[in-house]
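One structure below.
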Amino acid sequence: AQSVTQLDSHVSVSEGTPVLLRCNYSSSYSPSLFWYVQHPNKGLQLLLKYTSAATLVKGINGFEAEFKKSETSFHLTKPSAHMSDAAEYFCVVSGIGTYKYIFGTGTRLKVLA
Amino acid sequence: GAGVSQSPSNKVTEKGKDVELRCDPISGHTALYWYRQSLGQGLEFLIYFQGNSAPDKSGLPSDRFSAERTGGSVSTLTIQRTQQEDSAVYLCASRNLIADNSYNEQFFGPGTRLTVL
């Protein structure tokens, strides 16, 4: 079975400060993990994905995430927030042996000027 | 190349009417998913199509919901006798299955916002 927990439903940061969006997962399979971003009234866009090649994954727009098996975590970070980063972020788990993608409930990121 | 497209982008209907939502996946993508996203909620899986295999309909919330995929490409999600609780954004996604059936992401369409009055 698979599950994913996004630990914060809302996060507020000031522009120029670091972003941390937390995600914990559970998977019976070798997991593949994704972060998607959804801007208002838009579809979901892939930020980055973990595919076992490297534990530190770099994505678009300066985001990165680190896969920590011992902590079953895949937290999303960015060194310096930009106003355009304000959106909803979803952590997703899938893996070998399943076609299902399990979505977290989302974290809404607010960036303050 | 073209991404996943969905139509209409917005649909307002009266309670009890039937609606059809369309999804055009990325060309060559054999897997297609439908999800429902209610206000402030995550994504709820509805149905999965893969090639000519029988679809996984386990996420459809009631027998008022049905979907088909013609010719392995375009998909239509039909909701009969709509209810107010059907109001949501319906998202379609496609993906390309690679040899080891893993690690490849879904590509999402912009969604159809359904409002049932």
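Listed values, structure above:
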quantity	calculated
Candidates B:32, B:91, B:43: whichever shows maximal mean-square fluctuation once chain B is modelled as a Gaussian network with Cα springs under 10 Å	B:43
Whole-Hz ³J(HN,Hα) from phi, Karplus 6.51 cos²θ - 1.76 cosθ + 1.60, for the stretch A:78-86, glycine and proline x	8, x, 9, 6, 10, 3, 6, 7, 4
Solvent exposure of chain A as accessible area per residue, Å², 1.4 Å probe	47
Derived scalar couplings ³J(HN,Hα) [the stretch B:53-59; Karplus, 6.51 cos²θ - 1.76 cosθ + 1.60; whole Hz; x for Gly, Pro]	6, 4, x, 8, 9, 4, x
Antiparallel bridge percentage (DSSP; both residues within chain A; nearest 5)	90
P(r), alpha carbons of the protein assembly as shown - 5 Å bins starting at zero, rounded %	1, 7, 14, 18, 18, 16, 13, 8, 4, 1, 0
Most mobile of A:19, A:11, A:93 in a GNM of chain A (Cα contacts under 10 Å)	A:11
Pairs of lysines in the protein assembly as shown (C-alpha under 24 Å apart; 8 or more residues apart or interchain)	25
Near-label residues of the stretch A:59-76 by backbone N, under 13 Å of a point 7 Å along Cα→Cβ of residue A:8	A:75-76
Loop-located GluC sites (Glu not before Pro) in the stretch B:36-113, at most 13 other Cβ atoms within 10 Å (DSSP)	none
Residue with peak Gaussian network fluctuation, chain A [Cα springs, cutoff 10 Å], from A:86, A:53, A:65	A:53
Dipole in debye (nearest 20) - chain A, about Cα centre, beta carbon charges: Lys, Arg +1; Asp, Glu -1	200
Sequence-separation-based contact order of chain A, relative, with Cα cut under 8 Å and 6+ spacing, percent	38
Cα coordinate range in the stretch A:2-112, projected on the principal axes (Å, largest first)	41, 27, 22
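The values are calculated or read from the model by the stated rules, or taken from the named source; none is laboratory data. Because the structure is predicted, anything quoted here is derived from the model rather than measured. FYI the Cβ positions are ideal-geometry reconstructions off the backbone, even for glycines, and counts take in every protein chain you see. Note: accessible area is taken over every heavy atom of the protein model, side chains too, but ligands, DNA and RNA are not part of it. Shrake-Rupley method; radii C 1.70, N 1.55, O 1.52, S 1.80 Å.
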